[in-house]
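The values are calculated or read from the model by the stated rules, or taken from the named source; none is laboratory data. None of the values given here were measured: they were computed from a predicted structure. Don't worry about glycine lacking a Cβ; one is built from the backbone with ideal geometry, like all the others, and counts go over all protein chains shown.
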Amino acid sequence: MTTATVRELAENACHFGHKVNRWNPKMAPYLWGKKGGVHIFDLEKTAEALDHLLKTISDLSAEGKTILFVSTKPQTKVILTELHKKTGHPVIVNKWVGGLLTNFETIKPRIRRLKDIREMIKTGDIEKFPKKEQSQMKKEMEKLESAFAGIVDMYKVPDALFIVDGSRDAIAIREAKRLHIPVYGIADSNVNPADYTDFIPSNDDAVTALSFIMGKVFDVLKKAPKGGHK
């Protein structure tokens, strides 16, 4: 049973790659051709890859593995934030902090600091500090929220990454590869498919395409048996 038909993928603009002068030749096997100066994906291969990767994600989640979803694209912020709330998997939606994976032990105190300030505000303990110090802590929290809100309950490096845009968030891929963490995600025509353990060849820019594919991922994670995603 297929997760998505070729027609559904086309209706959601998943077939559009980048302009032909902005491509990675290694993506050639996944392309149908070009039209109007833009590469077009072979949607039969996209549909097959989507099915395969969704099964992998379902299996990982059922095993209790933590998948870190990464996308600093503005158009995916709402989608990933909802995914985090409903599935418990960590997400990065604003910016990638260098060393997040490769230097995670030095990042952890900053995450703990975010949790501590949150707790002080929740309990009212922050009122024990002078007004100026309260203001400084709230400003500090805003910065920490931007960087770490989606990983506040991630206590170790993740078991896998899901990258929405391999070009935009290439640093995350490099860190994962250094630690031999599997990298899954969407691969547009401008990325190197060798950077991925497995991927879905598809448009990674159009809101319709991203909503469709990430919606499928979301559905799979909601249905998968829950492990302890920490």
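Hey, could you check segment 206-221 for residues that are over 15 Å from Phe69 (Cβ atoms) and touching a strand residue (DSSP E or B) at 6+ places or on another chain (Cβ under 8 Å) and say which is surrounded by the most Cβ atoms within 10 Å (Cβ to Cβ)?
Only one residue tops the list, namely Ala209.
Whether any residue in segment 144-160 is of a type in the set (S, T, N, Q) and part of a loop (DSSP other than H, G, I, E, B) is what I want to check.
no
Among the candidates Lys77, Lys45, which residue alone is part of a helix (DSSP H, G or I), closer than 23 Å to Asp169 by Cα and basic (Lys, Arg)?
Exactly one of Lys77, Lys45 is part of a helix (DSSP H, G or I), closer than 23 Å to Asp169 by Cα and basic (Lys, Arg), namely Lys77.
Would you pick out the residues in segment 109-132 that are of a type in the set (Lys, Arg), out of contact with any Asp or Glu (no Cβ under 8 Å at 6 or more places or on another chain) and in contact (Cβ under 8 Å) with a residue 12 or more places away in the chain?
Arg110, Lys115, Arg118
Within the group Val38, Val20, which residue is within 14 Å of Ser202 (Cβ to Cβ), assigned by TED's automatic domain parsing to the domain that holds Ala194 and not small (Gly, Ala, Ser)?
Val38
Would it be correct to say that Asp159 is surrounded by fewer than 21 Cβ atoms within 10 Å (Cβ to Cβ), within 18 Å of Ile107 (Cα to Cα), more than 10 Å from the chain's Cα centre (by Cα) and at pLDDT below 95?
When the stated conditions are applied, Asp159 does not pass them.
Among the listed residues Glu127, Glu175, identify the single one that is outside the structural domain of Thr66 (by TED's automatic domain parsing) and on the phi < 0 side of the Ramachandran plot.
Only one candidate passes the filter, namely Glu127.
Would you please name the residue that is farthest from the chain's Cα centre (by Cα), looking only at residues in segment 86-141 that are in a loop (DSSP other than H, G, I, E, B) and farther than 30 Å from Gly64 by Cα?
So the residue we want is Pro130.
Before we move on, is Glu133 outside the structural domain of Phe16 (by TED's automatic domain parsing), touching a Lys or Arg at 6+ places or on another chain (Cβ under 9 Å) and of a type in the set (Asp, Glu)?
no
Among the residues of segment 172-189, which ones are assigned to a loop (DSSP other than H, G, I, E, B) and surrounded by fewer than 24 Cβ atoms within 10 Å (Cβ to Cβ)?
Leu179, His180, Ile181, Pro182
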